[in-house]
Amino acid sequence: MTSGPVIIGSERSEAGLALGMDLLRQGASALDAVEVTLRACEDNLDDHYIGTGGLPNARGEVELDASIMVGSSRAFGAVGAVRNFPNPISIARAVLEKLPQHSLLVGEGAELFAEEQGFVRAELLTDEAMQIFRAALVASSESVEGENTDAVPGDDRYRIAATEMVRRFLPFDGPWGTVNVIALDEDGEMVVGVSTSGYPWKYPGRVGDSALPGSGNYCDLRYGGAACTGRGELSMRIVGAKMVVDSLAHGEEPAEACGLMLREASLLPDIYRSELRTLCLTPDGRHAGAATQGGSTYNVMTTNSTEPEIYARTQFAS
Ligand code: GLY
């Protein structure tokens, strides 16, 4: 039995969630609803963790990851480390639909494919994101290509500095994160979408959980869909989103399924440990979110909603 259309999303999905719900109300597919929602989030210049305005890698370049997964077929499309294309969720959907012999394209190949599909290049690094990047460099007195070249003149030294920067990266205490969206349409199809600019100042070419099936994104219409935000290296190591869906398959309630995944992640040794969050939706419309930090929330819209309703995530206490 399905619940009728519903769409849920992580913190800051509110930039697009009402657009997705409008489509679902009109009978559109969950694929369309997820894509429209995440495109609006990617275009939100005030959000520094996704799309245009996202914080750059250690070289000062914005690199984006995104994925989309369909519950009935478990078909998956994704891109990683894409530069200069503002809407990676749409390129991920194009991989899903136009390149079914593959599931994931990265870097230059993903950019070539985007160009072939008619996506238009754009500058993704905004002045505001660049200022945040520069402030981080000043605070760390590190140097990157094209910056402070007196201090670090060579490529080798640059690489050492960039690696050091990644090693020293501390948990970010702002509104961290990737945006997750899960939609259920009137035909009972479920789709999970994830989009991110990833870890600020990440090593160039680093791809996180958002582009990986099972880690940041998983959807199986028999049991439900799940997605993760926060420290992707943790969800990659335990295949976190799949773990949540596996728990649903074993009959756990959504909140318990989310908590079990966070508990497993808490067992991993990780000197860069920071927040990890997850949310899930079942085919009959039950949902939950959980986080390692208090005060985290997620958004929900049903056909009766006039605006996103904010739900508290369960705080996981290890
Ligand atoms: N969860 C997003 C990332 O680690 O890139």
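Values quoted throughout were computed directly from the atomic coordinates according to the rules given, and no laboratory measurement underlies them. All figures in this text were calculated on a predicted structure; none of them were measured in a lab. For neighbour counting, all protein chains shown are included, and Cβ atoms are generated from backbone atoms with ideal geometry for every residue, glycine included.
Just grab the label-to-label distance for D127 and E307, each label 7 Å out from Cα along the Cβ direction, in nm (one decimal).
3.0
Highest first, please rank the peptides 57-65, 197-205, 7-15, 117-125 by the mean number of other Cβ atoms sitting within 10 Å of their residues.
The peptides rank, most packed first, as 7-15, 57-65, 197-205, 117-125.
Evaluate the relative contact order of region 39-114 (contact order divided by residue number), counting alpha-carbon pairs under 8 angstrom at least 6 apart; express in whole percent. Please report the intermediate quantities before stating the final value.
Details: 139 pairs, mean separation 18.7, N = 76.
Relative contact order, region 39-114: 25 percent.
What do you get for the angle between helix 155-168 and the principal long axis of the chain? Use alpha-carbon atoms, 0 to 90 degrees, nearest ten.
50
Please state the relative contact order of the chain as a whole percent: Cα pairs under 8 Å, 6+ residues apart? All intermediate terms of the calculation are to be shown ahead of the outcome.
Values: 824 pairs, mean separation 72.0, N = 318.
Relative contact order here is 23 percent.
May I ask you to list the trypsin sites (Lys or Arg not before Pro) in region 212-318 that are in a DSSP loop and have at most 16 other Cβ atoms within 10 Å of their Cβ?
R222, R273, R286
Under a point spin-label approximation (7 Å from Cα along Cα-to-Cβ), what is the D43-Y203 distance to one decimal in nm?
In this crude label model, D43 to Y203 measures out at 3.6 nm.
Using each residue's phi in region 90-101, evaluate 6.51 cos²θ - 1.76 cosθ + 1.60 at θ = phi - 60° and report the 3J(HN,Hα) Karplus result to the nearest Hz, with x for Gly and Pro.
Once rounded to whole Hz, the list reads 6, 5, 4, 5, 5, 4, 4, 9, 9, 9, x, 6.
Hey, what number do you get for the chain at 222 nm if only DSSP H runs of n ≥ 4 count, each worth -39500 (n - 2.57), divided across all residues, to the nearest 500?
One gets -9500 deg cm²/dmol as the mean residue ellipticity at 222 nm.
Using 0.36 nm per residue, how much length does the chain from E61 to H102 gain when fully extended, once their Cα-Cα distance is taken away?
Gain on stretching E61 to H102: 12.1 nm.
Take every DSSP beta bridge whose two residues both sit in the chain, then give the antiparallel share in percent to the nearest 5.
Expressed as a percentage, antiparallel bridges in the chain total about 90.
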